[in-house]
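Okay, structure first, notes after.
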Amino acid sequence: MRVSAMVRPTMTVTTVAAAALLWLPMPGCERGDPAAKPGGQKIPVPASAGNDAAEAAAHQHLAPHGGVLVELGDHDANAEMLLDPDTGRLRLWLLDGCAANSLRSEADEIRMLVILPATPDRGESMFNLTLDAVANPLTGETLGDTSEFSVTSEDLRGVRAFKGVIQRIEMHGERYSDVSFEYAPVGRGSGS
Ligand SMILES: [Zn+2]
C-alpha cells in the first residue's frame, strides 16, 4: 500500500531516536537518578557504531569526591584527583569506568609529572610527585590494596590548576602508562 511506503522513513527516524534515548540511562552510568526503575532492570545497550556524540553526551560522570576525573583506558577506569590549594594536599581515588565504584590497586605508590602553568613571576615549571597509598580502616583498604593515594607538597600550595602525566597505574592486571591529564576544577554554576 502506498501509505506504508510514506510512513516507513518516519518510522526509521523514530526508531533511531528511541535507540538514542535508551542509550542515556546506561546501566552503571546513571547517577543521582531517583526515578530509576526499581529492581535495577538492565537495559540492553544498542551495539551502535559511530554514535560517539550520543555516547559522550550520555557519559557525564560525576566525580564522587568533587574532584577532577581522568579517564584510564577506554572507559575502563578513572582516576579522580582533588587538590586542596591551602595545604598542597593532592588526593587521588581510583574508580571504575563510570566513576561509580572505587577500584583497588596493589600499587603502593603512583608517580606523576606535574606541570605548573607560568605565572607573572616565573615560567612554566615541572616536577615529579609520588602519591602514597592510603589505608582506610572504614573501608578495609590497606597499603597494597587500596583505591586512595595522597601526597602533600609545598609546590602545590596555592595552585588551582595544573597539567601532568601519570606515569603508571596498575590494577587488576591492567597497566595504564603515561596518562596525560589536565587538572582544572570547574567553578560552581559553570554547568557541563
Ligand atoms: Zn560510563
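Quick note: the coordinates plus some simple rules give every number you see, no bench work behind them. What you are looking at is a predicted structure, and each value in this text was computed from that prediction instead of being measured. Cβ placement follows ideal geometry from the backbone for every residue including glycine, while neighbour counts extend to all protein chains displayed.
General remarks:
- Model label sites at Ala100 and Leu113, defined 7 Å from Cα along the beta-carbon direction, differ in position by 3.6 nm.
- Alpha-carbon centroids, the stretch 94-114 and the stretch 152-171: separation in whole Å: 14 Å
- Using a simple spin-label model with pseudo-atoms 7 Å out from Cα toward Cβ, Ala184 and Asn136 lie 2.8 nm apart.
- Counting all C-alpha pairs of the stretch 62-192, share separated by more than 26 Å (%): 19 percent
- The label point for Arg175 and the one for His75, both projected 7 Å from the Cα toward the Cβ, are 2.6 nm apart.
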